[in-house]
Structures are given as structure tokens and as C-alpha cells.
Amino acid sequence: MPLRYTLLPLLLPATLVGLLVAMLGTPGAAVPVALITLAGSLMALGLSRGALQRQLDRLARSTRGRAEGSGGSAPDPDRLEEVASLEGAIDTLHTRLSARNTELNQESRTLSAVLDSMAEGIWVTDAEGTVVRHNDALRNILQTGAPIVGQRPLAVLRDDQLHDAVMRGCLEGASTHLELELEGLFPRTLSVRVTPLGRDLPGSAAVFHDVTELRRLEKVRQDFVANVSHELRTPITAIRGYAETLQGGALGDAQVAPRMVEIIHRQSERLSELVEDLLELSRLESQQVSLNLTDVPLAEAAARAADTVRPKAEGKGQVVSLHVPAGLVAVGDPRAVEQVLLNLLDNAVKYTPAGGRVDVDGACEDGRCVVRVRDTGVGIEPRHLSRIFERFYRVDKGRSRDMGGTGLGLSIVKHLLQAMDGEVKVESQPNEGSTFTIFLPQAAPARSATG
């Protein structure tokens, strides 16, 4: 405080008192009286400054307490009016700041909740490209337990394209879309969108979306279209070729024409089987097939399937032997169970050389019905076993097509069993035959007795 603001209040009363005493005719007493007045003013000023200082200190402590969240002290009834006015202004400011702080905290919590609830991974970087914030999903997508905040893109993912995209977003305000192929135990494909923050905010944001399954399904679709096209082309080409030959004059040849018509008929049947299998598989995969789950005597189902393939087996000198107990009853759809056994028996007969045998055994194991279809056929190499239930997958493509298979039978078996809460497994060795094992829920004993 400037010196004049202190001296004037002190000297002015003493000067006025001195002048007043001198005017009243006692000039000699003017100086002592003025000094006494000055001393009184000094004492009053000291007392008032002390009281003011104490009230200001108390106000400062109360304000700090409010800022730290411990609350202020009780109001002093003897506080000066100026101090009371100042304290009221501070209270008003504190109330407004508290309300604003509550709003900001709520907005921050809402933003964090929204980010953490997203399936996509998100990170935000500062102007230098350093990650300052991310959501929970990002750590799962990147499959990392290392710290992400405070790291540069290259330290999180060793990918130059991502680093360059982040720096372009930070420095040039450019948006970039890219796909990253992450190697490792579980390879993944990530679609990443990097954009500047905008609104005069420095830095960038990157959104990570795991498209591994989407790319896999796209590959499956492409392979499916290619396989279907190839499978359809073979019978169609044969039908068209022989039909054109007949139109070209072979229709009048009594020896050639019947053979060509027979080939056309056989290829048309193959084409019809392929279309039917495709429709059946499509219905199964889309869960449009309504199965009627009931008690199914497996001995009867196996016998009906065996009767269907036995003429083909006998034509190759094969023996089809059934060893399924009459009391083995599963829970399933009768038509679906018979179709599963028919597909497995047909494959066994098809890939077993002349003079071989096919055995069907049934038993109850661990509370489930188990049926094994064993053959003495050509067998399957171990590298193919994990894929033989895929659509159109063939161990020997040329041999399978020559035998008239559609490449969908085992895939249909797998989907039918899954729809009945069952499963299928395979064991095989080249030149030693194969064993396909199906598992189905066992019917309750009381229901089995009546069945």
C-alpha cells in the first residue's frame, strides 16, 4: 500500500486537533494534544489492521479449505462489513466453480463410459503423436498388457504406415484409412481410421476395428463361389457337350446315342444332387431347418442306411456289418440321424477298394450314444483331418469327382449333428482305413424302455 494512504489518515486528525487547540487560545498545548491524538490514531490503526489481518487470514484459510474440499469455517459475527462482502463474493464464486466442476466431471465420466463401452479400440494423441488416452477395448484388440499412454505409435505397434498416418493427422490435419496385418499366435487384421481432432485441438484420434472374422468370411464366400462354379461347370459341360454331339447327328447312331443319353442322365443326377446338397447346407447354416427331436433307435436307423448302400457295396465285393445294440436309443431327428449315417456309410463304401469291409459299431459311453463307422479304405493323411468337414474340401480332388461326390456330405453331417447337440470326429491313417465317430445325447432310461 502506498505510504500516503497510511500517513494521511494518521496526520489529518492530529493536525486538525492541534489547529483547534491553538485557535482556542492555548497554543502551547497544541503540540502535545496533537501528539496524543496521533498516538491514539496509531493505536487505533494498529488495532484495526490487526483485526483486519486476522479476519483476512481466517478468510484465506476458509477459502483454501473450500478449494481442498474440507469445507469452510463458521462465519465470524464480528467480521468487518468489507470482509463479509468479500467472503460473500468468494462463496458465490466457489458455488459456481463447484457446479461447473461437477458438470465437467459428469461429462468426463460419460465420455469415459461411452468410450469403454465401444467394441472398437480408440486412442487419442497429442500434437507430437504421443498417446494421451485410450479405451479398454484397445488393449484387448492389440492384445497387449504394456502401458499405452505416454507411448508413440511405433512403440505400441511396429508399423510405419500407422506412425506416418498419425503424424499426418497431427501435423497436416489429414485423415487416413489403412488395414494392418498383425502377426503372432493369433494373426489379426485391423481396420484403422486416423483423423485430426479438429476444433482447434492439437493431436489426432485413431479408431481400431478388428475385421479378422469379416475378412475370413469374405475369403470363405469367395472360395464358396469359386467351388460352386467349378462343381457346376463339370456336369453342365458334359451335358452340353453330349447334347451338342447328339444334335450334330449322333442321335441317329443306335450304338452311340444310348450311351450319350445315359451320360447326360447321370450328369444331370449329379447336378441335381449338388443343388440339393447346397440347399440343405444353406438351410442348416441359416438354422432354417426345423428338427423334430425324439427318441431314435440307432440300430434301426443304421439298418435303413446300410440297406441303401448295400447294393453298391455288394457290387464291389464289400461286406457291410452292423453291430449296434437294439436298446441304444438317442435323442435326435430320425430323418437327420439316418442322413448322417447314410452319408458316412456312402463315403466308406465309395473310398474302400473292392473286397474291403465296412463295420458299424454302437455303444453308450459317458452318458452319450456313440456310433463308429470303420472302413478298410484308402485312409486320409493327418494334414487333411482338420479340414475334411469344410464345404467342398477334398483330399484327392480328381478321385473324389470321378467317384461322383459333391464335396458337401461331411459338412452336412457336421451341421446336422450340431443341430442335434451332437458332434463328429475322425481318425485315419493312409492305407489303413478311416473311423468316423458320431456322438448323440442318450435318451432317458424310462423313455428308452418304452422306445
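Key figures for this structure:
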{"read-out": "At 1.567 mPa s and 4 °C, Stokes D of the range 158-317 from Kirkwood alpha-carbon radius, µm² per second", "value": "57 µm²/s"}
{"read-out": "Nonlocal amide H pairs with Val320, under 5 Å, H built at 1.01 Å", "value": "Val358"}
{"read-out": "Mean Cβ count within 10 Å, highest first, over the residues of peptides 91-103, 134-146, 408-420", "value": "408-420, 134-146, 91-103"}
{"read-out": "Lys/Arg +1, Asp/Glu -1 at C-beta; the range 216-284 dipole; positive extreme among Gly249, Met260, Leu279", "value": "Leu279"}
{"read-out": "Among 315-325, 293-303, the order from most to least packed when residues are scored by Cβ within 10 Å on average", "value": "293-303, 315-325"}
{"read-out": "Ratio of the Cα radius of gyration of the range 228-353 to 2.2 N^0.38 Å, where N counts its residues", "value": "1.41"}
{"read-out": "Per residue Cα convex hull volume in Å³ - calculated over the range 173-243", "value": "130 Å³"}
{"read-out": "Unit charges on C-beta of K, R, D, E only; dipole of the range 216-284, Debye", "value": "220 debye"}
{"read-out": "Alpha-carbon radius of gyration plus Dmax, which is the widest Cα pair, for the range 290-450 in Å", "value": "15.2, 50"}
{"read-out": "Nearby lysines by direct alpha-carbon distance to Lys219 (threshold 21 angstrom, same-chain neighbours under 8 apart not counted)", "value": "Lys397, Lys414"}
{"read-out": "Column: log10 I(q)/I(0), Debye, Cα scatterers of the range 216-284, q = 0.11, 0.24, 0.28 Å⁻¹", "value": "-0.38, -1.00, -1.16"}
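Coordinate-derived values only; no laboratory data. These numbers come from a predicted model, not from an experiment. Every residue, glycine among them, receives a Cβ derived from its backbone with ideal geometry; neighbour counts consider all protein chains shown.
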